[in-house]
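Peer 1: I'd like to ask you about the structure that follows.
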Amino acid sequence: MIIDVLNGPNLNLLGTRQPEVYGTTTLSDIKRLCTDKAEALGVDLRFSQTNHEGALVDQIHAAGQTASGIVINAGAYTHTSVALHDALASVALPVFEVHLSNIHAREPFRHRSYISPVATGLICGFGPIGYVYALDALVEMLRSTS
Ligand code: CA2
């Protein structure tokens, strides 16, 4: 079972800037949390980050061919991207949307997600451990439905 964990724009800056908003954990730390969780669950993990919307679309299409599920933090594209909405809608895979922060407790422009309507579930506001919760929930769901 392969799970793709996809990360969008600026998440490569985690831990280096705005620690008051996003904390001090780096994306490499989050990758390690996810890798450890995947190992404990006995699944294969692909973890990636890109600042480019089209590259995320390509990664979603690729996941559709080879993965069992997607965990995605689309960063700011969450609030703007019809292309990501359409790409996620086109793949027959469970999608778990993750955000480090509680997007509903922040600026109004972050309250709208183009991902949520095509996601199986949403986890936000728990910081880095939210990725681990998402992996746990996704694998549990895949195993209970297979
Ligand atoms: O809370 C989240 O995980 C977000 O997806 C993070 C995005 C933000 O645009 C979303 O509204 C919520 C931002 C990604 C990280 O941006 C940074 C910018 C500067 C320094 C560190 C991180």
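The values are calculated or read from the model by the stated rules, or taken from the named source; none is laboratory data. Given the structure is predicted, the values throughout are model-derived calculations rather than measurements. Virtual Cβ from ideal backbone geometry, glycine too; neighbours counted across all protein chains shown. In case anyone asks, the SASA skips ligands and DNA or RNA and just uses the protein heavy atoms, side chains included. Shrake-Rupley method; radii C 1.70, N 1.55, O 1.52, S 1.80 Å.
Peer 1: Sort the following peptides by mean Cβ neighbour count (other Cβ atoms within 10 Å, averaged over residues), highest first: 123-135, 67-79.
Peer 2: 67-79, 123-135
Peer 1: Okay, next question. May I ask for the net charge around I103, where only other residues with Cβ less than 11 Å from the Cβ of I103 are counted and Lys, Arg are +1 while Asp, Glu are -1?
Peer 2: Around I103, the charge tally is +1.
Peer 1: Let me ask something else. Based on DSSP H runs of at least 4 residues, each adding -39500 (n - 2.57), what is the mean residue ellipticity at 222 nm of the chain after dividing by all its residues, to the nearest 500 deg cm²/dmol?
Peer 2: Only helices count here, giving -12500 deg cm²/dmol.
Peer 1: A further question on this structure: Work through the residues other than F126 whose Cβ is under 13 Å from its Cβ and net out their charges, Lys, Arg +1 and Asp, Glu -1.
Peer 2: Charge balance near F126 sits at -2.
Peer 1: Which residue, N12, T66, N102, has the largest displacement toward the positive end of the dipole of the chain when charges sit on each Cβ (Lys, Arg +1; Asp, Glu -1)?
Peer 2: N102
Peer 1: List the residues whose amide H sits under 5 Å from the amide H of I72, counting only those 5 or more places along or on another chain, with H placed 1.01 Å from N in the peptide plane.
Peer 2: L6, F96, E97, V98
Peer 1: Calculate one ³J(HN,Hα) per residue across region 113-126 by plugging θ = phi - 60° into the Karplus curve 6.51 cos²θ - 1.76 cosθ + 1.60, and present them in order as whole Hz with x for glycine and proline.
Peer 2: So the J values, rounded to whole Hz, are 10, 7, 8, 3, x, 10, 9, 6, x, 9, 10, 9, x, 9.
Peer 1: Please report the orientation-averaged projected area of the chain, defined via the convex hull of its C-alpha atoms, in nm².
Peer 2: 7.8
Peer 1: What net charge is computed for the residues neighbouring V91, neighbours being all others with C-beta under 13 Å from the C-beta of V91, Lys and Arg scored +1, Asp and Glu -1?
Peer 2: My count for the surroundings of V91 gives -3.
Peer 1: Ignoring ligands, DNA and RNA, what accessible area per residue does region 103-143 give at 1.4 Å, in Å²?
Peer 2: Value for region 103-143: 52 Å² per residue.
Peer 1: Below 8 Å, C-alpha to C-alpha, sequence gap of six or more: please give me the relative contact order for region 1-145 in percent.
Peer 2: Over region 1-145, the number comes to 27 percent.
Peer 1: Could you give the size of the charge dipole of the chain about its Cα centre, using +1 on the Cβ of each K and R and -1 on the Cβ of each D and E, expressed in debye and rounded to the nearest 20?
Peer 2: Roughly 180 debye for the chain.
Peer 1: Then there's this: Return the distance in nm (one decimal) between the two label points of a simple spin-label model at M1 and F126, each offset 7 Å from Cα along Cα→Cβ.
Peer 2: Once both label points are built, they end up 1.6 nm from each other.
Peer 1: Another question, then. When the Karplus curve 6.51 cos²θ - 1.76 cosθ + 1.60 is applied with θ = phi - 60°, which whole-Hz ³J(HN,Hα) does each residue of region 14-29 get, with x for Gly and Pro?
Peer 2: 3, x, 10, 9, 6, x, 5, 9, 10, x, 10, 6, 8, 5, 5, 4
Peer 1: Which trypsin sites (Lys or Arg not before Pro) in region 10-114 sit in a loop by DSSP (not H, G, I, E or B) and have at most 16 other Cβ atoms within 10 Å of their own Cβ?
Peer 2: Taking region 10-114 and a limit of 16 other Cβ atoms within 10 Å, the loop trypsin sites (Lys or Arg not before Pro) found are R17, R106, R112.
Peer 1: For D36 and N51 in one chain, what is 0.36 nm times their gap in residues minus the Cα-Cα distance, to one decimal in nm?
Peer 2: 2.9 nm
Peer 1: While we're here: Measure off, as a whole percent, the carbon and sulfur share of the 1.4 Å-probe accessible area of region 1-138, all protein chains present.
Peer 2: Looking at region 1-138 in its full context, I get 52 percent from C and S.
Peer 1: Between T66 and D136, with labels modelled 7 Å along Cα→Cβ, what's the label distance in nm to one decimal, could you check?
Peer 2: 2.9
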